[in-house]
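Read through the structure below, which is laid out as structure tokens, and then see the notes.
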Amino acid sequence: MKSQAFDYVRAESAQHALALLAQHGDDARVLAGGQTLLASLGMRLAQPSLLVDIGDLTDLAGISVDHGVLRIGALTRHVEIEESPLVALHAPLLAQAAPHIAHRAIRNRGTFGGALAYADPAAEWPACVLALGGTLVLLGAGGERRVAADDFFRGLFSTARRDDELLLACELPLLAAGERQRFSELARRQGDYAIAGLAARAVVQGSQLSQLRLAWLSLGDRPLRSRAAEQVLQGGPLSAQRIADAEAALRAELSPFADLTHSAAAKLQMAATLLRRAVANLTRDPA
Amino acid sequence: MNTPLDEPTTRVRIEVNGQPVLRDVACRKHLSDFLRDDCGLKGSHLGCEHGVCGACTVRLDGRIVRGCLVLAAQASGHRVETVESATPGLRLKALQDAFVEYNALQCGYCTPGMLMAALDLVERRPDADREQVRMWISGNYCRCTGYHAIVDAVCAVLDLQRVGAFAAEPLPQVNP
């Protein structure tokens, strides 16, 4: 597992990184934590001639609450999110999801922004950011622009980020009154990629859900919302019939691909199970 | 893609087990190859070399990482500890003894990575229970033991720590 030869530059500033990206175009890759990139270079799935290491751009790391949003810098490591009191308070979904990401040694190194920019459909962070209705902050030569998570993930490993842009941060709304967030996934072993996973948030009043967002991982070419199922579940008080209708809607709107070990039908069955569990979990009164 | 025909190199300065090391290395060289080939430290092993098996686990700035998923160039200016460094430490010594006592290794290939991950757990999660030990070492593969003996050994060291066996070496102030 040796990479092809490449050159390496440690960017001294975001502007320096942007200049290198502009100069080298598709021959350059941004290196953050490297937990996916270095493995894929080793397997020669990609052969860039230059890695632009943004690891020293400490301005891009950190978690803060500012102007009513939770801002997580792109270079924030998974483990920092896992252990952040601010995340636990304002975006508990992320704290629930973090332990599912690979293993401790990987979470110590991998970054939030790296996972979002890479946009693996089986990754946890893209689905979480989609469920929470986050906003991605991008920096390019023309300055910053913001893209809603609903518009950011475009397809398999494909996002709205242009090759000459850097992902700076993601901004997430703060947990609202009455809002609950639940993350769950099914994997063969601890730390494996999910066979199916669900990031869910809703405002809960009795047996009524509102502002429900269900974002799925490992069930398509990108993190996906199931808008039809969301709509059915918010049509009135929850009942066995409504949940059954939501499951039918879900089965109609998802069309997962088979993977090495699971058929599309098996994945769909797991998604239906996760949906039922999430609804039960969202409506169960906190102990 | 314009893959360079030559082999670009870069100068790195890495603190390895307390000693500064200055070398010119290929940009593509990962930390495990750097430790093994450029520093002569054969303690960290390469099993899969793509971040799955955990045999190359070392500490970078005090946190466990996969040596095969960090470039030597990225580690420049940072601090690396390998299984060789910690040998005099009471906790690592206790883990090594417990691994022997509980037959927590057979071929031994995974052992350095297991020891580094276990040491990290003993220091950061002194209250860990058996299930948490299993979670913590879930990123380290062992193809011989079936893991029970490894978990037994780590739990035995946690028990020792709880009764004050390592009081002579207080835990450094670490982030959780």
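Things worth noting here:
- Projected label distance in nm at A:Ser13 and A:Asp245, using a 7 Å step from Cα toward the beta-carbon: 5.8
- Crossing angle, helix A:240-253 versus chain A [Cα axis fit, 0-90 degrees, rounded to tens]: 40
- Peptide packing: for A:117-123, A:232-238, B:19-25, the average count of neighbouring Cβ atoms within 10 Å per residue gives the ranking A:117-123, A:232-238, B:19-25, highest mean first.
- Estimated from helical segments only, the mean residue ellipticity of chain B at 222 nm is -9000 deg cm²/dmol, where each DSSP H run of four or more residues counts as -39500 (n - 2.57).
- Antiparallel beta bridges, as assigned by DSSP with both residues in chain A, represent about 85 percent of the total such bridges.
- Other-chain or far-sequence residues with amide H under 5 Å of A:Ala74's (modelled H): A:Ala169, A:Cys170
- For the segment B:17-29, counting C-beta atoms of other chains within 10 Å of every residue's C-beta and taking the mean gives 2.
- Ranked by how many other beta carbons lie within 10 Å on average, peptides A:155-161, A:126-132 from highest: A:126-132, A:155-161
- Taking packing as the residue-averaged number of other Cβ atoms within 10 angstrom, the listed peptides A:98-107, A:162-171 run from highest to lowest as A:98-107, A:162-171.
- Crossing angle, helix B:148-162 versus chain B [Cα axis fit, 0-90 degrees, rounded to tens]: 70
- Over region B:90-162, relative contact order from alpha-carbon pairs under 8 Å, at least 6 apart, %: 48
- Shape category assigned to region B:65-166 from the gyration tensor of Cα positions, a/c cut at 1.5: prolate
- Full-extension gain in nm, A:Asp56 to A:Asp26, via 0.36 nm per residue minus C-alpha separation: 8.6 nm
- Dipole in debye (nearest 20) - chain A, about Cα centre, beta carbon charges: Lys, Arg +1; Asp, Glu -1: 860
- In chain A, the calculated helix contribution to ellipticity at 222 nm averages -9000 deg cm²/dmol per residue, counting -39,500 (n - 2.57) for every DSSP H run with n ≥ 4.
- Database remark: amide H of A:Leu212 closer than 5 angstrom to the amide H of A:Val203 (H placed geometrically; neighbours at sequence offset of 5 or more, or on other chains; Pro and chain starts carry no H).
- Mean separation of Cα contacts under 8 Å, 6 or more apart, over the residue count of region A:7-53: relative contact order %: 57
- When the trypsin sites (Lys or Arg not before Pro) in region B:110-176 are filtered for DSSP coil states and for at most 15 other beta-carbon atoms within 10 Å of their beta-carbon, the remaining sites are B:Arg143.
- For chain A, the longest principal axis of the Cα atoms and the long axis of helix A:264-283 meet at an angle of about 70 degrees.
- Around the amide H of A:Thr159, modelled in the peptide plane, lie the amide H atoms of A:Arg154, all under 5 Å away and 5 or more residues distant in sequence or on another chain.
- Neighbouring Cβ atoms from other chains, within 10 Å of the Cβ of residues in B:68-77, number 6 on average.
- Shape call, chain B: gyration tensor on alpha carbons, a/c limit 1.5: prolate
- Prolate/oblate/rounded call for the protein assembly as shown, Cα gyration tensor, a/c under 1.5 rounded: oblate
- Peptide A:43-52 is shielded by partner chain Cβ atoms: per residue, an average of 2 of them sit within 10 Å of its Cβ.
Just so you know, all these numbers are worked out from the coordinates, no wet-lab data involved. Owing to the predicted nature of the structure, the values given are computational and were not obtained by experimental measurement. For neighbour counting, all protein chains shown are included, and Cβ atoms are generated from backbone atoms with ideal geometry for every residue, glycine included.
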